[in-house]
1. Assuming a ≥ b ≥ c are the square roots of the Cα gyration tensor eigenvalues, decide whether segment 1-113 counts as rounded (a/c under 1.5), prolate (otherwise, with a/b larger than b/c) or oblate.
2. By count of other Cβ within 10 Å, fewest leading, how are CYS260, CYS76 ordered?
3. If each DSSP helix of 4+ residues adds -39,500 (n - 2.57) and the sum is divided by the residues in the chain, what number results at 222 nm, nearest 500 deg cm²/dmol?
4. What are the ³J(HN,Hα) values, in whole Hz, obtained from phi via the Karplus relation 6.51 cos²θ - 1.76 cosθ + 1.60 with θ = phi - 60°, for each residue of segment 256-266 in sequence order, with x given for Gly and Pro?
5. Out of PHE67, PHE238, PHE250, any idea which swings most in a Gaussian network model of the chain, alpha carbons joined below 10 Å?
6. Return the subset of LYS112/LYS134; LYS134/LYS219; LYS23/LYS203 for which the Cα-Cα distance in this structure is over 20 Å, preserving the input order.
7. Output the 0 to 90 degree angle, nearest 10, between the alpha-carbon long axis of helix 210-224 and the longest principal axis computed from the alpha carbons of the chain.
8. Among bridges DSSP assigns within the chain, what percent are antiparallel (round to 5)?
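What follows draws every value from the coordinates through simple rules; no lab data is involved. Since the structure is predicted, the reported quantities are computational estimates derived from the model, not experimental observations. Positions of Cβ are backbone-derived with ideal geometry, glycine not excepted, and every protein chain shown enters the neighbour counts.
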Amino acid sequence: MNRDDQPGIGILDSGVGGLTVVKEVLRQLRGERIIYFGDTSRCPYGPRPKDEVIRFTLEIVRFLERFPLKALVIACNTATAVAIDEVRRRTPIPVLGVIEPGARAAIQSTRKGRIGVIGTQGTVRSGAYERALKRMNPRLFVVSHACPALVPLVESDLGRTEEARRVVASSLAPLQVHRVDTLILGCTHYPLIADLIGEVMGKDVQLISSAEETARELKILLQRKKLLSPEDEGRPLFHRFFTSGDPDFFRRIAERWLGCSVHVSRAMAETSVPSTL
């Protein structure tokens, strides 16, 4: 079997944020082929009604299912919160979200049992992180705060500007009074501006991205089902990246974050990308 034909890992997101999960999958599962879809033309998902997010997510799943897949990762916190059960009902392959892994990582990290969660309006409104955290440890103090201005910063590639620093500081100010020692970045876009978030919250607050834990759980799942691909088959993997928006803009962000050259196609067009990681 050509490595371009081997079943891959489908990863979907509302935009570029899911690239944080891609980076971890590439690091931890070097034998796996990735097929990614970022819905940048309809980003952000956070302010959208639940039914609309479910519909968009199912549309992307149907697109990804045109390729041979062994597992699917919903790398969008909003889509995980409102659509993962519906996706699982409709697809026979394993489906992972990013909320449960992020909650587990936060519980392992916290020293004082005081955990903050930042996310989109949709993720915070769903209460998914609070439920997951309290289910694992009912004694936790958990405070959530929606930060709707942060995703547009990332999607506009403005994360390194002084304006971004002001927006991040303003967005996080309501959380700082709660003295949390752990902060869940409850949107996969947020790790792309983690340096700014860390500066605002201070060095005593541990930032938690669900990407690393999600990739770890994906690896365990594939091992358990005997689906994990070996790393040393001698030929480069060919990953595929799709966006519903501007491919060139998406590519610039992807290459900076992933540290390798990628080719990106718009919506339904196909492309192959040799992995250089």
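1. Details: a/c = 1.75, a/b = 1.13, b/c = 1.54.
Oblate, since a/c reaches 1.5 and b/c is not below a/b.
2. Values: CYS260 15, CYS76 37.
The fewest-first ordering by Cβ neighbours comes to CYS260, CYS76.
3. Working: 11 runs with 121 residues, N = 277.
That comes out to -13000 deg cm²/dmol.
4. Residue by residue, segment 256-266 yields 5, 7, 7, x, 8, 6, 9, 10, 10, 10, 8 Hz.
5. Per the Cα network of the chain with a 10 Å cutoff, PHE67 tops the list.
6. Working: LYS112/LYS134 15 Å; LYS134/LYS219 26 Å; LYS23/LYS203 24 Å.
From the list (LYS112/LYS134; LYS134/LYS219; LYS23/LYS203), the Cα-Cα distance tops 20 Å for LYS134/LYS219; LYS23/LYS203.
7. In the chain, helix 210-224 runs at an angle near 40 degrees to the longest axis.
8. Numbers: 2 of 35 bridges.
Of all bridge pairs located within the chain, approximately 5 percent are antiparallel.
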